[in-house]
1. Somewhere in the stretch 207-224, is a residue surrounded by fewer than 17 Cβ atoms within 10 Å (Cβ to Cβ), under 20 Å from Ala183 (Cα atoms) and not basic (Lys, Arg)?
2. Of the residues in the stretch 188-201, how many are hydroxyl-bearing (Ser, Thr, Tyr) and surrounded by fewer than 20 Cβ atoms within 10 Å (Cβ to Cβ)?
3. I'd like the full set of residues that are among the β-branched types (Val, Ile, Thr), touching a Ser or Thr at 6+ places or on another chain (Cβ under 9 Å) and in a loop (DSSP other than H, G, I, E, B), limited to the stretch 188-203.
4. Check off (1) over 24 Å from Ala86 (Cβ atoms); (2) surrounded by 12 or more Cβ atoms within 10 Å (Cβ to Cβ) for Lys116 and give me the number that stays unchecked.
5. Criterion first (part of a loop (DSSP other than H, G, I, E, B) and touching a residue at least 40 places away in the same chain (Cβ under 8 Å)) does Leu288 satisfy it?
6. For the stretch 207-224, which residues satisfy the criterion of being assigned to a helix (DSSP H, G or I) and closer than 26 Å to Asp29 by Cβ?
7. Would you be able to say whether some residue in the stretch 34-48 is surrounded by fewer than 19 Cβ atoms within 10 Å (Cβ to Cβ), at pLDDT below 95 and not polar (S, T, N, Q)?
Amino acid sequence: MPPPVFRFAPSPNGYLHLGHAYSALLNFDLARASGGQFLLRVEDIDTTRCRPEFEDAIYDDLAWLGIKWEQPVRRQSDHLDLYHEAIGKLSARGLVYPAFESRAEIASLIENSQIKPWPRDPDGAPVYPGVAKQMTACEREARLASGVPYALRLDSEAARRTAGDILWREEGHGPDGEAGLIAAAPQAWGDVILARKETPTSYHLSVVIDDALQGVTHVVRGQDLFWATSVHRLLQRLLALPEPVYRHHRLLRDETGQKLAKSTQSTSLQSLRVSGKTAQNIREMVGLP
């Protein structure tokens, strides 16, 4: 049996914080304890927010923590053709459709709907109404030819009919203690976005393709992605990709109970290093031996 493969896959859209350190160190420790491999992947598909200086800081922070990774580092922006190819496979099976509504138009559709309260996905965002599925082929072609922005969405109902029931093996636990064999529930997310006109992939699509191509056997990540695994397992089934073992870990939170995040300006590893903290201090702060 080949050795297990773990990975840490940050986005270079800000500086790493203690939550990133915990996830990276946990993956590194598990790989080392099992005689496996530890991979580093840079998820840089968001060209508006990802910057070279943040990518350089990722390498510096991980090296400072004592983490070593296999070479070469995979950068998603180098593999956009593979994601485009996967979209083509799903489209050929009638599982993808373009949606042209802006965020404001979607919000208006929901506000004027008679369905109250409107369903929300596990992240708390309103589920897409699905109105673009009602367009005729001619209408879609005309809109595409006009050059207007669009999102390519997965027809989740058709996809679930094609894929059937799906499970995943959970070696960690979900937000409410879920563990063991988990029944995937992709319908909770509605018709998720797989790509946009200006961005040929999304997190959901690229992560499953990258994990498969890199031979990742164990996906160890935060509990905030627990239910996103439903979408990932669905895409794996549709694209005939291997199923890794999943382990979702606790989230590090600030004194207010909010999870650490770049968007809330959580204290960066870079600033902790400048303040005199050592790599061992970081291990102690995140609760690792």
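1. Yes, the conditions are met somewhere in the stretch 207-224.
2. First, pick out the residues of the stretch 188-201 that are hydroxyl-bearing (Ser, Thr, Tyr): 199, 201.
Going one step further and asking which of them are surrounded by fewer than 20 Cβ atoms within 10 Å (Cβ to Cβ), we end up with 199.
Final tally of qualifying residues: 1.
3. Initially, the stretch 188-203 is screened for residues among the β-branched types (Val, Ile, Thr), giving 192-193, 199, 201.
Subsequent filtering for residues that are touching a Ser or Thr at 6+ places or on another chain (Cβ under 9 Å) retains 192-193, 199.
Across the stretch 188-203, the qualifying residues are Val192, Thr199.
4. (2)
5. Values: part of a loop (DSSP other than H, G, I, E, B): yes; touching a residue at least 40 places away in the same chain (Cβ under 8 Å): yes.
Criteria met by Leu288.
6. Kept after step one, since they are assigned to a helix (DSSP H, G or I), are these residues of the stretch 207-224: 207-213, 223-224.
Listed by number, the residues that qualify are Val207, Val208, Asp210, Asp211, Ala212, Leu213, Gln223, Asp224.
7. Pass one, the stretch 34-48, residues surrounded by fewer than 19 Cβ atoms within 10 Å (Cβ to Cβ): 34-36, 46-48.
Subsequent filtering for residues that are at pLDDT below 95 retains 46-48.
Add one more test, that the residue is not polar (S, T, N, Q), and what stays is 46.
Within the stretch 34-48, one or more residues are surrounded by fewer than 19 Cβ atoms within 10 Å (Cβ to Cβ), at pLDDT below 95 and not polar (S, T, N, Q).
Residues checked against (1) over 18 Å from the mean Cα position of the chain (by Cα); (2) polar (S, T, N, Q); (3) surrounded by fewer than 20 Cβ atoms within 10 Å (Cβ to Cβ); (4) not assigned by TED's automatic domain parsing to the domain that holds Gln214:
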| site | (1), (2), (3), (4) |
| --- | --- |
| Tyr22 | no, no, no, yes |
| Phe54 | yes, no, yes, yes |
| Leu62 | yes, no, no, yes |
| Glu101 | yes, no, yes, no |
| Ile106 | yes, no, yes, no |
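The values are calculated or read from the model by the stated rules, or taken from the named source; none is laboratory data. Computed from a predicted structure; not experimentally measured. Counting neighbours? That spans all protein chains shown, and the Cβs are built from the backbone with ideal geometry, glycine included.
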